[in-house]
Amino acid sequence: SAFLDHLEHDRGNTPRTRNARLAAIHSLFRYAALRHPEHSASIARVIEIPSKRCEHATVSYLTGDEIQALVATPDRTTWLGRRDHALLLLAIQTGLRVSELVALCCKDVSTSNGAHVRVRTGKGRKQRCTPLSDETKAVLATWLAERQGTPEDPLFPTRRGGSLSPDAVAWLLAKHARAAAHGCPSLGRMKVTPHVLRHTSAMMLRAVGVDLSVIALWLGHESIESTQIYLHADLALKEKALALTAPVGTPPGRYRPPDALLAFLDAL
């Protein structure tokens, strides 16, 4: 308890960070309960320490215009620009975690019939296969032809041929987001991280009516409960619910102003 208080009051960590540390402590003491039952009373007291309530912000994701602006930013006349363009397009379309993205090898991408990318080092050591759209397939096929690496080489290498780190991906994404903000100001008002691209992929699937259980499989979630956040962020679903409600005595649906009123407002 003193350690948790120290995190909040002395180090200035958020309640979310405190809860993450507490989860690790709980995991350790659940293991200790099996090994040292003679200390079960003290262990139980630790396990009973509750998590602290914290705010759960709505997920951030990119709109269609923001996606186009971001993907178009890398300079495709350069080798690095073509690499970044392929990386951004793959991340947005597949929703891979940044750790999964940097771990991809050339052999993990298939651009033949049934184009897909195979994740071999997913969270929880789970493997999964994600199909590719025609656009992503074409871009990756061109990149692989230029990359000319062995099957074991990283798909998105550094200048020296090594694998990109998660921090490097976050840095180049922030760089391209700042550049894209000149043509799309909304990008300058948000923090674009690799996880935002993952949220974007999920919201694109949700926008076309894909079921949450399918989105959970697409993203590699352990439980569908982790995917519920995208249901809360779906404004279109809430608007449909709102359209079904109306004050007493009025027909449901959105108000449609007549053409004469619109013409008057345009003339102001």
_Please list, in order, the residues from the range 1-23 whose amide nitrogen is less than 14 Å from a point placed 7 Å along the Cα→Cβ vector of residue 55._
14-16
*Under 16 Å Cα-Cα from residue 137, which lysines qualify once same-chain neighbours fewer than 8 residues away are excluded?*
107
*Quick one: which residues, 5+ away or cross-chain, put their amide H under 5 Å from the amide H of residue 105? H built at 1.01 Å from N.*
155
*Output the Kirkwood hydrodynamic radius of the range 23-113, Cα pairs only, in Å rounded to one decimal.*
18.1 Å
*Give the ranking of 265, 197 by solvent-accessible surface, highest area first, calculated with a 1.4 Å probe.*
265, 197
*Tell me, what is the 1.4 Å probe accessible area of residue 144, in Å² to the nearest 10?*
40 Å²
_Share of pairwise Cα separations in the range 1-49, more than 12 Å, in percent_ = 62 percent
*Keeping all protein chains in position, work out how much accessible area residue 129 exposes to a 1.4 Å probe, and write it in Å² to the nearest 10.*
60 Å²
*asked:* At 7 Å along Cα-to-Cβ for each site, give me the label-to-label distance between residue 99 and residue 68 in nm.
replied: 3.6 nm
*Taking Cα pairs under 8 Å and at least six residues apart, what relative contact order does the chain come out at, in percent?*
18 percent
*3J(HN,Hα) from dihedral phi, the range 184-190, Karplus parametrisation 6.51/-1.76/1.60, rounded to Hz, x for glycine, proline*: 9, x, 5, 5, x, 9, 9
*asked:* Treating the range 72-158 as a set of equal point scatterers at the Cα positions, no solvent, please give the Debye-formula log₁₀ I(q)/I(0) at q = 0.17 Å⁻¹.
replied: -0.65
*Rounded accessible area per residue of the chain, 1.4 Å, Å²*: 63 Å²
*Computed E for residue 228/residue 118 - FRET, C-beta separation, R0 22 angstrom, nearest 0.05*: 0.20
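The values are calculated or read from the model by the stated rules, or taken from the named source; none is laboratory data. Since we're looking at a predicted model, the values are computed, not measured. FYI the Cβ positions are ideal-geometry reconstructions off the backbone, even for glycines, and counts take in every protein chain you see. Calculation scope for accessible area: heavy atoms of the full protein, side chains included, ligands and nucleic acids excluded. Shrake-Rupley method; radii C 1.70, N 1.55, O 1.52, S 1.80 Å.
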